[in-house]
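For reference, the structure discussed in these notes is given below.
The values are calculated or read from the model by the stated rules, or taken from the named source; none is laboratory data. Every value quoted in this text rests on a predicted model; they were computed, and no experiment measured them. Using ideal geometry, Cβ is built from the backbone for each residue, glycine included, and neighbour counts are taken over all protein chains shown. Keep in mind that these areas ignore ligands, DNA and RNA; they rest on the heavy atoms of the full protein, side chains included. Shrake-Rupley method; radii C 1.70, N 1.55, O 1.52, S 1.80 Å.
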Amino acid sequence: MKTLFKTLFSVLATVAVVSTAAVLPARAVVEVNINKGNVDPLPIALTDFLSGDQLGAEITSIIAADLERSGLFAPIDKKAFIEKISNPDVAPRFEDWKVINAQALVTGRITKQPDGRLKAEFRLWDTFAGQQLAGQQFFTTPENKRRVAHIIADAIYERLTGEKGYFDTRIVFVDESGSAQKRVKRLAIMDQDGANVRYLSNGKDLVLTPRFSPSRQEITYMSFAGDRPRVYLLQLETGQQELVGNFPGMTIAPRFSPDGQKVVMSLLQDDGSANIYTMDLRSRTTTRLTSSQAIDTSASYSPDGSKIVFESDRGGRQQIYVMGADGSNPQRISFGNGSYSTPVWSPRGDLIAFTKQSGGQFSIGVMKTDGSGERLLTSGFHNEGPTWAPNGRVLMFFRESAGGARLFTIDLTGRNERQIQTPNSASDPAWSPLLN
């Protein structure tokens with residue numbers, strides 16, 4: 001098991017950006033306005049990176065898939081290309097790319113170094129302005145080819161939208177297999193596109209609600225080890241597992257603070273209520289934040305750490321509340337029909353995502369942090385558990401159906417919903433911060 005975690009950590013740590021050689025005009029001629037309600041995807045041409053084998057084409061296809069899945073870019077069919085790129089260091093024939101309406105063009109090269117590493121280079125061109133927008137090179141091991149592709153996709157996304165990408169990230173989730181009577185739930189981790197699935201637990205104990213640390217290669221989750229729900233930490237680098245406090249009751253719904261120094265969670269009381277506590281991971285001191293006879297749970301910090309959003313049935317049914325990070329001044333912010341659960345604060349600080357149950361439907365939605373501007377992005381028989389991409393533009397959630405639970409992504413327009421392929425049923429996803 002420790003060997004597995006060391007291998008995982010080495011993958012996260014061995015892609016190096018060696019140089020940046022970008023030509024950045026004062027204002028990009030080609031840009032994608034992602035603040036519009038409905039974005040027309042930008043036509044972009046991605047030529048196969050020169051490599052002498054299939055590796056270049058493989059990396060290009062990963063980049064193209066990332067960009068297309070975002071809903072902001074429309075990769076052009078390679079059969080329409082007029083110019084064949086033979087030297088990515090030379091400016092392309094821009095007229096050939098304007099003819100096929102390629103508003104942006106990506107060229108590149110993959111070369112194998114004497115020490116066995118790969119050197120990956122790319123250039124991003126504005127075909128209508130006839131100028132280079134960006135260019136970078138990376139050195140990595142062959143095992144990290146997918147990660148290099150994701151990093152390049154992030155660079156292209158950022159240059160053309162003005163916002164950070166989210167492709168060089170991981171998802172931790174609960175892998176579900178077996179019959180309904182003998183369900184096996186294992187912690188698993190994968191790339192954001194569903195590749196490179198690895199298992200972090202053996203399925204012996206039921207696990208739920210894994211969440212990433214914002215500052216370390218670490219997750220927190222709930223496990224039924226010993227037939228009692230308790231919160232654990234798991235170091236991805238070493239595989240070391242640690243119990244977060246030995247409380248007399250059940251502990252559920254853990255989540256890290258923005259600085260990674262605290263875990264906020266709910267403790268079930270003898271009277272059936274649940275209150276929210278924090279634990280300082282350095283001093284191991286606990287602080288109680290709520291004192292009610294209700295069930296207060298699913299706490300999530302604001303990005304600046306000053307506030308906490310949580311769900312509570314103190315008003316009769318589950319609703320969303322916001323309080324100070326010290327538990328002060330709790331205020332209800334959800335007032336629509338139905339019940340609200342699993343709130344999570346956007347990394348941008350402007351929105352709160354949630355699950356809403358109303359009229360026999362489960363919806364994933366967002367609202368402003370004062371509860372105004374509620375929008376439902378997708379509805380179905382059973383949607384639940386939103387988690388934010390690190391740029392705050394995309395959500396992942398899981399949907400239960402007759403065939404089991406599946407993971408989906410959806411952007412803030414609600415018009416770009418995509419299923420993420422997993423080996424088995426999957427639930428409780430949590431998005432990592434950017435790895436680079």
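One residue stands out in region 296-334 among those that are outside any strand (DSSP E or B) and under 26 Å from Lys164 (Cβ atoms): the one that is least open to solvent (accessible area, probe 1.4 Å), namely Ser302.
Number of residues in region 233-249 that are in a loop (DSSP other than H, G, I, E, B), touching a helix residue (DSSP H, G or I) at 6+ places or on another chain (Cβ under 9 Å) and in contact (Cβ under 8 Å) with a residue 24 or more places away in the chain: the value is 4.
What are the pairs, 6+ residues apart or on separate chains, where a residue within region 260-287 that is within 17 Å of Gly249 (Cα to Cα) has its Cβ under 6 Å from a residue that is part of a strand (DSSP E or B) and among the charged types (D, E, K, R)? Final answer for the pair search is Val264/Arg255; Ala274/Asp296; Asn275/Asp296; Ile276/Asp296; Tyr277/Arg288; Thr278/Lys262.
Contact map, region 80-105: residues that are farther than 23 Å from Gln137 by Cβ paired with residues that are surrounded by 12 or more Cβ atoms within 10 Å (Cβ to Cβ) and of a type in the set (D, E, K, R), Cβ distance under 7 Å, separation 6+ or inter-chain. Pairs shown: Ile82/Asp96; Arg93/Glu83; Asp96/Glu83.
Restricted to region 184-219, and to residues there that are of a type in the set (Gly, Ala, Ser) and touching a residue at least 40 places away in the same chain (Cβ under 8 Å), the residue that is nearest to Lys262 (Cα to Cα) is Ser213. Restricting attention to region 145-183 and to residues that are part of a loop (DSSP other than H, G, I, E, B), more than 25 Å from Asp53 (Cα to Cα) and in contact (Cβ under 8 Å) with a residue 40 or more places away in the chain, the residue that is most open to solvent (accessible area, probe 1.4 Å) turns out to be Lys164. Going by the structure shown, is Thr107 open to solvent by less than 20 Å² (accessible area, probe 1.4 Å), closer than 19 Å to Lys145 by Cα, among the polar types (S, T, N, Q) and assigned to a strand (DSSP E or B)? Taking the combined requirement at face value, the residue satisfies it.
Give the residue, chosen from Asn391, Asn337, that is of a type outside the set (Val, Ile, Thr), at pLDDT below 95 and in a loop (DSSP other than H, G, I, E, B). Spell out the reasoning first.
Working: Asn391 fails: at pLDDT below 95.
That would be Asn337, the only listed residue that is of a type outside the set (Val, Ile, Thr), at pLDDT below 95 and in a loop (DSSP other than H, G, I, E, B).
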